[in-house]
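*Asks:* Got a structure here, written out as structure tokens. Questions coming.
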Amino acid sequence: MQTESPREVWIKRELILLLSVWSCEVVFSIAIWLHNVPFFQTWGNCAYSIGLGLGYVAIIWGSGDDWSEFGLTSPHRVDWLIGLILFAVASAQMWPMVPKIINYNDSDRHVIALMLGCLFYFPAGLSEELFFRGLIQARATEISRSPWIGIAASTTTFTVVHIYQSPSALWYTALFGLAYGYARYRSVSIWVLAISHTLVNALIAFGYPAEMLRLLQLKPH
């Protein structure tokens, strides 16, 4: 009987941990969608980001692998170009909101909304890229020896965990995940993808002030 190598044992344990973290996030996402409580949605996003981040750190720290395998390396010039193109495409629907962002009402409530929007939504871009594209995609590609299965795995898990946005909106999330998954396959560093994703989230937070105020249970003027 062939004995499993330490690497194979760790990969199996890692997959169990990955599945556990992801399953908890899916259950949490479903709860947010079903209850549709504004305050729960905002703090839920914050807890979601923290959960992904802690799961990611625990797994890569215990793997003993070179962190560059997860995209934690300095970006090349082509990576910046990929990130710029991704941001332009992913945020295309937000560009009509730019005048509203520039002329934003600088009242106390709006400032609070922006500050809390940074807290609740900006970290998600970083944690999601690290967890889904940096970790799940890397491991799925390694196990299957196919970059396309890796892309499919990261896109599927990324899409399902966003069910709180409502099932009807998941098609956009799937396209978003597919584009970023392919970009991760073609790039060296994941940092540019994380920056691009965070900027898209920033536009969403800044572009819909009334929605931000509703989620934070502050009435817009």
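The values are calculated or read from the model by the stated rules, or taken from the named source; none is laboratory data. Please read these numbers as outputs of a predicted model, since none were measured by experiment. When we count neighbours, we look across all protein chains shown, and the Cβ atoms used for this are built from the backbone with ideal geometry, even at glycine. Note: accessible area is taken over every heavy atom of the protein model, side chains too, but ligands, DNA and RNA are not part of it. Shrake-Rupley method; radii C 1.70, N 1.55, O 1.52, S 1.80 Å.
*Asks:* Scan the range 157-180 residue by residue and report those that are in contact (Cβ under 8 Å) with a residue 12 or more places away in the chain and open to solvent by 70 Å² or more (accessible area, probe 1.4 Å).
*Replies:* Correct list: GLN165, LEU178.
*Asks:* Can you tell me which of ALA183, ALA153 is closer than 19 Å to ILE16 by Cβ and either out of contact with any His (no Cβ under 9 Å at 6 or more places or on another chain) or open to solvent by 40 Å² or more (accessible area, probe 1.4 Å) (or both)?
*Replies:* ALA153
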